[in-house]
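Undergrad: This is the structure I have questions about; it appears just below.
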Ligand code: PBG
């Protein structure tokens, strides 16, 4: 056969395939999200997320050490308080569960980079991400709370804050609050493009944050939309976002690519709880190879353009990278 181009030529050996690989990955791009609860000596497995736990602060320190040893030096902390109220006051309490966790982690592991998820749903009695006006989450009434939560996390030791509430104008409000409190150097990693997604199901069990009524569609985005992602991304950059997040990651590769193309800030992708649980559950049944699927799904997010990847599989991915199974 007379063929000038034979794409298979570059696939003949692992050495060659690795040489011409288009997507390279690194442990330094991984962030591990985890959950902290009040009390002592608690380490409770989350039923819907096999292998993931809720830790009290003392136990979280051991987990952090394990992650650092695995080469993961960035964690995102979600707090689950005992006491919830209408305005989520534990989210900005000086000795709230997240604030305690941040302070303890920072004191023990100064090299651990801490990112605070800034939202209210884990802290409100009604489970919504803001202040209610009747059944509606009032945008402008919520902003001062979000800003206050961000500043209190920074004061407790957060190196970066990541608002996930989806209120309009929250990045500007947070920037002003951080600057005023002297945290000029604290970057904002905005969940600019966060869809109202069924993929968050297991997280809501983990964080006890399901809305008591209704859903989040009046603030999180409609997953039918792509151009709206551009609108959200550009708005947050204009307000001062340092990094942007697309969430979920799996099934949103087109959105990651689009946001990467239209902005000039680093783009993160959050592989959310439902993505993790689907893989774990299928693998537990023996239907798929867990490590292979995990690598392929993560690789797809990087291929789409993600610079940063949040994943409950952070440790396992780090090991897979060391073994040359991806990137
Ligand atoms: C808080 C928040 C959620 C997630 C991250 N931050 C839940 C939600 O919006 O309902 C989901 C993360 C995951 O599913 O892993 N608003």
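Read-outs throughout are calculated quantities, based only on the coordinates presented, and are distinct from any laboratory measurement. What you see is a predicted model; the values in this text were computed from it and never measured. With ideal geometry, Cβ positions are generated from the backbone for all residues, glycine too; neighbour counts draw on all protein chains shown.
Undergrad: Starting from the exponent 0.38 and prefactor 2.2 Å, build the expected Rg for region 134-259 from its residue count and divide its actual Cα Rg by it.
TA: On the way: Rg = 14.7 Å, N = 126, 2.2 N^0.38 = 13.8 Å.
Normalised Cα radius of gyration, region 134-259: 1.06.
Undergrad: So what are the three principal axis dimensions of region 49-125 from its Cα atoms, in whole Å, longest to shortest?
TA: Sorted from largest, the Cα extents of region 49-125 read 40, 29, 19 Å.
Undergrad: Continuing with this model, one more query. Dividing the convex hull volume of the Cα atoms of region 178-327 by its residue count, what figure in Å³ per residue is obtained? Provide the component values of the computation, followed by the final result.
TA: On the way: hull volume 22.4 nm³, N = 150.
About 149 Å³ per residue, rounded to a whole number.
Undergrad: If you take all C-alpha pairs in region 202-290, what percent of them are over 15 Å apart?
TA: Summing the P(r) of region 202-290 above 15 Å gives 68 percent of all pairs.
Undergrad: In addition: Applying 1/(1 + (r/R0)^6) with R0 = 45 Å to the Cβ-Cβ distance of residue 179 and residue 278, what FRET efficiency is obtained, to the nearest 0.05?
TA: Computed FRET efficiency for residue 179 and residue 278: 0.65.
Undergrad: Determine one quarter of the surface area of the Cα convex hull of region 1-95, which equals its mean projected area, and express it in nm² to one decimal.
TA: Here the figure is 11.6 nm², rounded to one decimal.
Undergrad: Please report the equivalent ellipsoid semi-axes of the chain, computed as sqrt(5 x eigenvalue) of the Cα gyration tensor, largest first, in whole Å. Mind showing how you got there, number by number?
TA: Details: eigenvalues 220, 105, 73 Å².
Rounded to whole Å, the semi-axes are 33, 23, 19.
Undergrad: Sticking with this one: Using only the Cα atoms of region 270-326, what semi-axes does the equivalent ellipsoid have when each is the square root of 5 times a gyration tensor eigenvalue? Give whole Å, largest first.
TA: Over the Cα atoms of region 270-326, the semi-axes work out to 18, 14, 10 Å.
Undergrad: What is the Cα centroid distance between region 117-160 and region 200-236, reported in whole angstrom?
TA: So the separation of the two Cα centres works out to 15 Å.
Undergrad: Taking every DSSP beta bridge with both residues inside the chain, roughly what % is antiparallel (nearest 5)? The partial results should precede the final answer.
TA: On the way: 6 of 39 bridges.
DSSP beta bridges in the chain are roughly 15 percent antiparallel.
Undergrad: In Å, what is the Rg of the alpha-carbon atoms in region 101-157, and how long is Dmax?
TA: Reported Rg and Dmax, both Å: 14.0, 44.
Undergrad: For region 10-167, report the translational diffusion coefficient in µm²/s to the nearest whole number, using Stokes-Einstein at 20 °C, 1.002 mPa s, and a Kirkwood Rh over Cα pairs. Don't jump to the answer; show the numbers that get you there.
TA: Numbers: Rh = 17.1 Å.
The calculation lands on 126 µm²/s.
Undergrad: If you don't mind, there's one more thing I want to ask. If I model a spin label as a point 7 Å beyond the Cα along the Cα-Cβ vector, how far apart are those points for residue 21 and residue 1 in nm?
TA: Rounded to a tenth, the inter-label distance reads 2.8 nm.
Undergrad: Give me the base-10 log of I(q)/I(0) for region 142-201 at each q in 0.15 Å⁻¹, Debye formula, one uniform scatterer per Cα, rounded to two decimals.
TA: Results for region 142-201 at q = 0.15 Å⁻¹ read -0.42.
Undergrad: Here is a further query. Can you give the convex hull volume per residue for the Cα atoms of region 220-268, as a whole number of Å³?
TA: Values: hull volume 3.4 nm³, N = 49.
Looking at region 220-268, the number lands at 69 Å³ per residue.
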